[in-house]
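One structure is given below, encoded as structure tokens.
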Amino acid sequence: MPTSPENQPDVSPKAMGVVIVNYNTQALTLQCVASLLAHDIARACDIVVVDNASPDGSGARLAATLPAQVRVVQSDRNGGFGAGVNLGIAVLTTELVLVLNPDTYFQSNQVDQITALFEQRPRLGVAGLKLINPDGSLQYSARRFYSLPDILVRRTLLSQLPALQARVDSHLLKRKWDGEPFEADWVMGTGFVVRRSAFMQVGRMDERYFLYFEEVDLCARMWVHGWQVLAVPSVELVHEHQRHSAHGIWSKSGKIHLLSMTRFFAKFGVPWLKRPSRAGLSRTYGRRRVRPLGSPSRG
């Protein structure tokens, strides 16, 4: 049976596909998809849910439960967040793709402001959304690149010292969120829009990161290749849960976070005292690049 015109993927500049990566989060994924449809943010046929081999069987249940036009891709392995995003974007045909964590939902439709930005700025590669907690407080989802002092302050009790609060505020770009879209070194992968052509040019998500820092790496490569990264304060996305990496440096997720951070530094250089400039990061990356981006690690 031929596909009806209303079910065909829309490849116009204003069309937006959506990728949600599920891992044992059936209820949250259903809530996320429901908010997309309720607020007309995306058509069902432009939504892709990637299940990363969830051991609880939620992938099969989502395929049976979600609206028929929503595509569910069931991976045969859990390759991590970046691998799931790569699978989802490969299925879509839209030039713009909204990447979401399943523990997010929209309360209104403001994404036309995002699509307008991509039309106005041909070198815009990634646009990050304004993440808020359910109570409306900010999560400060755009950041500066890390230096070692930033890491020490953010990941230890030093963050509680009033004298170091200005450094934390600077890293989190706290003063930027009341105004217009602004440049950020990187935006959190919890909710962002990416231009497909830029995504493919820079090498997609680097699957050598299993979890954490894959979005930092993607944004760094965007800047290296001349693409812009913006945060958009006017487009809000509710994020129900904080990142597990915040649970402590010696927790399991904290250790994974540190491993990913080490991988990033091995690729882009260790910023000892000062935050790396984008030009300096680009030079270091050019010297250290030894294999194609997006290829999984063999060791």
(message) Below 10 angstrom from the Cβ of K267, what's the summed charge of the other residues (Lys, Arg +1; Asp, Glu -1)?
(response) +3
(request) Indicate, rounded to the nearest 5 percent, the antiparallel portion of the DSSP beta bridges found entirely in the chain. (result) 40
(message) Could you work out [θ]222 nm for the chain from helices alone, using -39500 (n - 2.57) per DSSP H run of at least four and dividing by all its residues? Round to the nearest 500 deg cm²/dmol.
(response) -10000 deg cm²/dmol
(request) State the label only: which of (1) 226; (2) 140; (3) 267 corresponds to volume of the Cα convex hull per residue in Å³ computed from the shown model? (result) (2)
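Order 43-55, 67-79 from most to least packed using the mean count of other Cβ atoms within 10 Å.
43-55, 67-79
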(request) Compute the distance in nm between two label points, each set 7 Å from the Cα along the Cα-to-Cβ direction, one at A34 and one at L259. (result) 3.5
(request) Place the peptides 102-111, 183-192 in order of packing, highest mean first, counting for every residue the other Cβ atoms within 10 Å and averaging per peptide. (result) 183-192, 102-111
(message) Less than 12 Å Cβ to Cβ from P134, Lys/Arg counted +1 and Asp/Glu -1: what total charge do the surrounding residues give?
(response) -4
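Read the figures in this text as sums done on the coordinates, not as results from a lab. Keep in mind that this is a model prediction, so the values were computed, not measured. Neighbour counts are summed over all protein chains in view; Cβ atoms, including those assigned to glycine, are modelled from backbone coordinates with ideal geometry.
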